[in-house]
Structure formats: structure tokens, C-alpha cells
Amino acid sequence: MKALSRQQLAELNGSFNLDTNWSAIDPDNVQARFIEQPKEERGRQWTAFLNNGGRLIIKGPSVLVIDRSKPFDPTRFLGTGSSIWRGSADGKGLEGEEDQDPRSVVLTELDFSNVAFDSFLKEGEPTIVGEEKLVRMKASPRIRYDAGAGVALLDEKGQATLRFLYDTYGITWMEFATVLRYSDGLRYLLVLRRGGGGSWGGDGRWLGGVRDAGRVSPVSAS
């Protein structure tokens, strides 16, 4: 596949500036739902828009059903002795609340065509340590989607939503904001990765490790 020519790129830029009916644009809506998104998310949305032939509606898969009757099982991904983290990062207070967003764990359906994917990097940052990323996620008002949503994606028939996210946004890696405790006490997040054959698998990612711009987490769009 050949790249767009310099002339074609100039035509796209000119069309955006000159052909858009700016008087019909709702500035508050654009500010809240696009401008305030991280640059990586804006880029994914532009890419999906252009790959869709410049059409406004990008048809996604059916709404993902999350079966909450089956509690999330960390041992499936981290092995015997793992659990959902309870308590503080210093290892104290292990009888505390599970470390995940309570707004997410009550959801039984999720429309991933309306979900944002954020690396939580600041401008000019090439990487971020997982623990700092988690701090920034918790400081955001957006819903941090939990590991139960990740399992629903992984186990969905044909992994239809994951395939949609790759085909539309080019996403190949995502992690979910349920903090897990490995058998040695270290903290992890559930990660879904796309394999070379197109199928997805899941494992854990240590919160002490670094993430780059491609290591995103799903959060509510606003």
C-alpha cells in the first residue's frame, strides 16, 4: 500500500479548513468530546474517520455483554496464589476494598465504539511507569474499565469487539484497571494482546514496568 502523496495530504488539510461548515459546529461538544482527548485518542479517531471513507458513522460490533455472575478469577492469568489487590501499595491494609473502579464493576453491557483509549502520558513523555499511570487514571473523572470487561472481550464469540478495535483503531494492546496481586505480592494489571495470527490472549503486566504510547487503557469517553 503506497502512502498518500504530499499533494493529497495538502488537499485533506485544505478540505478540513475550507470545506467544513464551522458555523454549524457545536464548540462545547467538540471541546468535551474531541479537543480534550489525549492526542493519541484524537489520532485514532481521525484514522478511523478517514479509513471509513470520511463517513461520520463507524459501525461497531454489538454491545459487549459482561457476565457479572462469574467473579473475575486472577489465577486464570497470574496462576495459583494470585488475587485482586486489597489495600495500599505499601502492602498494608490487605483487608481493604478491592482496587478497581466501582462504577465499572456494576456494568453488564459496554459499547466499545464509544470508549476512549488513553496512555495517560503527558506532552513530551515517551514512557510512564505503571504505578504512575494508575495514579493518573484514578485522578481522572472518567470510568476506568475493570478486568471483568477484559475477560468479556477475550471470551466473546469470535473476539468480534477486539477485532473491531484493531481494524478500526489499530489497537493491539490494552490493560484494565483492576489491580491484581501476584503470589509474590507484586502488583499487576490484566493485559490483552493481539497475536500474530489475529487472535488475542491475556496475561499480567507488572505495575513497576514502563508503558509507552501504544500501551493504552480503556476509559469512558467523557
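The values are calculated or read from the model by the stated rules, or taken from the named source; none is laboratory data. The shown structure was predicted, so the numbers you read here are calculated from the model rather than taken from an experiment. Here Cβ is always computed from backbone atoms with ideal geometry, including for glycine, and neighbour counts include all displayed protein chains. Areas reflect the complete protein model, heavy atoms only, side chains present, ligands, DNA and RNA absent. Shrake-Rupley method; radii C 1.70, N 1.55, O 1.52, S 1.80 Å.
Values computed for the structure shown
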read-out	value
Simple label model, 7 Å out from Cα along Cβ direction - R76 to D212, nm	3.0 nm
K39 paired with E11, simple spin-label distance in nm, labels 7 Å along Cα-to-beta-carbon	2.8 nm
Pairwise label distance in nanometres, T172 with D155, each label 7 Å out on the Cα-Cβ vector	2.8 nm
Integer Hz, Karplus 6.51/-1.76/1.60 couplings in order for the stretch 186-202, x for Gly and Pro	6, 9, 9, 10, 6, 10, 10, 10, 8, x, x, x, x, 8, 10, x, x
Whether the stretch 111-188 is rounded, prolate or oblate, judged on the alpha carbon gyration tensor where a/c under 1.5 counts as rounded	oblate
Overall form of the stretch 57-188 per C-alpha gyration tensor (a/c, 1.5; a/b vs b/c)	oblate
Accessible surface of the stretch 97-192 [probe 1.4 Å, protein heavy atoms]: carbon and sulfur percent	51 percent
Segment K122-V65, extension gain: residue separation times 0.36 nm, minus the distance between their alpha carbons	17.2 nm
